[in-house]
Amino acid sequence: MADETKPAVETVSVTIDGMTVNVEKGTRLLDACAAAGVDVSHYCYHPGLSAPAQCRMCLVEVEKAPKLVPACVGTVAPDMVVHTQSEKALKAREGVLEFYLVNHPLDCPVCDQAGECKLQDYVAAEGPAMGRSKEPKRVLGRDDFGGDVVFYADRCVMCTRCVRFMREVAQDERLTVVQRGSRAVIDTFFEEGLTGSLWADNIVDICPVGALVSKDFLHKARAWDLDRTPSICPNCTQGCNVRLETRDNQVQRLKPRPNPEVNAHWMCDFGRLNYQWINRVDRIEAPLVRDASGRHVSMSWADALTRLADALRGQAGGAAAVASPFMANEDLGALQRVMAAVGGGEGVFRCEQGEEVTLPGFPTLALRPDRAANAVGAELFGYARTGGTDGRGGLERLAGHTGVLFVLGDELADAPADFGANASLFVYVGQHLSPAARNAHFVLPATTFAEMEGTFTNLQRRVQRFWPALRAPGMARPAWQILGVLLAGIGDGGAPGTAADAFAGLASVRPEFGMLSWADLGAQGAALPEAVGQAGD
């Protein structure tokens, strides 16, 4: 049967500042201007919230309209002519900005928002040259809203984005506007505040000025000192698209990156604030090989992998593996290929679990029970779940394995000190050297997701890319590169030179990955197709 054709989208022609564009009927003027490459100043409007048109910053002139139109609620009409830079529109926006500046403090030198503040940008572009007010500015001070949020009332421009987010998206009304007119201020309900809300830090993201700031980031870095890298939140299987914002080779904060298929504009506070582990400094920095006396000796990569390849060729009796769900698809797939090359065997992974908490206003987004980014990927590549919901235990059977034992990314923090002591060959590929990992014959330093390029598979079976934001410590390398070179040493294939090569190799383990190309993934990922005969996997 032929697929039903989708109804054609009705478009209208609009002229904006002399440029004619075709946009869908019903489009907001603000979005139509953006399609024409024209940025219209705005505060109260946010694409994930309702538009109250109360900030009066987005006023534009529309021919034949009796007065200026707020672009956030005005919609396009056929043959509409819009002027965003006319004298009337510019003067109106300048007047609005002057009113905002009457009581706004000169906090820019100490404000966390400085450098990414919309008030700074708009005043520089369209604001008055100087203020005319001779009255002293009002002083309201700051208020601890609870949780991670601090409110500087003096800086607030009353856009009400925060109130609307808590009402419409979090559906947990903890903020409101009290008083009226020039006395209006944002406040919490009695003593409840934002403590206990899993989504509260999103109001810091959407605040256009520095009125709402994060305690975690307070006075930590200036916006212009931060490098920003697109990535994926590693803290649950939702796979929120994020930016890793870094300075001095340390992650300073995580911010959500828009993706309408995964997290829209939001992320939970658990994922946002759980990043300190990425900055750990107790890292393995060089390949270590146990010598005849039982001591670990550092070696070059060439020497270490050559010795390991020689050792693997003489092994028999099967292999076993413990993998981490924080490792990339490319890492997990490469380990399965290495295990297959030495006779095959079982692989397990451990994952901490917790309660699922859904965002009511965007139910596609939730803090998922599996508190690791790639638990779905681990299962797809044949690793069985083991251990408790605290992510510990479950390794008793593998602790005494007598064949080849691989550990990929799992720190083994709770494993007994003699873990792997009976293995004929124990290979540890990871970041941190715990007492159990010291039993390994080969200790190979691997990067974290923040130091490499690769992919995760989220709960929706959506494969999403991440990029390196930090420099890897010492001689650490991506696990897919380490295992790929090792596989080339014990087999006939070549080693992957790039993450794209490693991704292409996944098809030999899971055929559906061969139905996606590296280019298909882009910046927002792509759904993993169902392979023929594997729909039930």
query: Which of (1) in a helix (DSSP H, G or I); (2) open to solvent by 10 Å² or more (accessible area, probe 1.4 Å) is the odd one out, the single condition Lys220 does not satisfy?
result: (1)
- line: All conditions in (1) part of a helix (DSSP H, G or I); (2) of a type outside the set (S, T, N, Q); (3) over 19 Å from Gly403 (Cβ atoms); (4) open to solvent by 10 Å² or more (accessible area, probe 1.4 Å) are true of Arg337 except (3)
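Yes/no per residue for (1) of a type in the set (Phe, Trp, Tyr); (2) farther than 25 Å from Arg477 by Cβ; (3) open to solvent by 10 Å² or more (accessible area, probe 1.4 Å); (4) touching a Cys at 6+ places or on another chain (Cβ under 9 Å):
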position: Ser214; (1), (2), (3), (4): no, yes, yes, no
position: Ser231; (1), (2), (3), (4): no, no, no, no
position: Asn241; (1), (2), (3), (4): no, yes, no, yes
position: Asp248; (1), (2), (3), (4): no, no, yes, no
position: Gln276; (1), (2), (3), (4): no, no, yes, no
statement: By residue number, the members of the stretch 371-387 that are surrounded by fewer than 24 Cβ atoms within 10 Å (Cβ to Cβ) and under 17 Å from Cys268 (Cα atoms) are Arg371
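Test of understanding: among Val110, Val123, which residue is among the aliphatic types (A, V, I, L, M), over 29 Å from the mean Cα position of the chain (by Cα), under 30 Å from Pro258 (Cα atoms) and open to solvent by 30 Å² or more (accessible area, probe 1.4 Å)?
Working: Val110 fails: over 29 Å from the mean Cα position of the chain (by Cα).
It is Val123.
Enumerate the helices (runs of 4 or more DSSP H) found wholly within the stretch 441-537, keeping only those where 3 or more residues are buried (at least 16 other Cβ atoms within 10 Å of the Cβ).
479-490, 499-504
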- prompt: Of (1) surrounded by 19 or more Cβ atoms within 10 Å (Cβ to Cβ); (2) among the acidic types (Asp, Glu); (3) without any contact (Cβ under 8 Å) to a residue 60 or more places away in the chain, Asp201 satisfies all except one. Which?
  reply: (3)
message: Every residue in the stretch 236-256 that is within 25 Å of Pro369 (Cβ to Cβ) and in contact (Cβ under 8 Å) with a residue 60 or more places away in the chain, please.
response: Cys236, Thr237, Gln238, Gly239, Cys240, Asn241, Leu244, Val251
task: Would you mind finding the one in Val139, Val150 that is in a loop (DSSP other than H, G, I, E, B) and either open to solvent by less than 50 Å² (accessible area, probe 1.4 Å) or aliphatic (A, V, I, L, M) (or both)?
output: Val139
message: Condition first: touching an Asp or Glu at 6+ places or on another chain (Cβ under 7 Å), outside any strand (DSSP E or B) and open to solvent by 40 Å² or more (accessible area, probe 1.4 Å). Now tell me which residues in the stretch 83-97 satisfy that.
response: Gln85, Lys88, Leu90, Glu94
Residues within the stretch 340-370 that are in contact with a strand residue (DSSP E or B) (Cβ under 6 Å, 6 or more places away or on another chain), open to solvent by less than 30 Å² (accessible area, probe 1.4 Å) and either within 22 Å of Gln315 (Cβ to Cβ) or part of a helix (DSSP H, G or I) (or both), tallied: 3
query: Taking the stretch 250-264 on its own, how many of its residues are under 15 Å from Glu451 (Cα atoms), open to solvent by less than 20 Å² (accessible area, probe 1.4 Å) and not aliphatic (A, V, I, L, M)?
result: 0
message: Testing Arg164 on (1) outside any strand (DSSP E or B); (2) open to solvent by 30 Å² or more (accessible area, probe 1.4 Å), one condition comes back false. Which one is that?
response: (2)
task: Under 7 Å between Cβ atoms, at least 6 apart or on separate chains: pull out the pairs that start in the stretch 114-126 with a residue that is touching a residue at least 60 places away in the same chain (Cβ under 8 Å) and of a type outside the set (Val, Ile, Thr) and end on any residue that is in a helix (DSSP H, G or I) and exposed (fewer than 15 other Cβ atoms within 10 Å of the Cβ).
output: Ala114/Ala223; Gly115/Ala223; Gly115/Trp224; Glu116/Ala223
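The values are calculated or read from the model by the stated rules, or taken from the named source; none is laboratory data. Here the structure is a predicted model, which means the values were calculated and not measured. A quick note on method: Cβ atoms are made from the backbone with ideal geometry, for glycine too, and the neighbour counts reach across all protein chains shown. Keep in mind that these areas ignore ligands, DNA and RNA; they rest on the heavy atoms of the full protein, side chains included. Shrake-Rupley method; radii C 1.70, N 1.55, O 1.52, S 1.80 Å.
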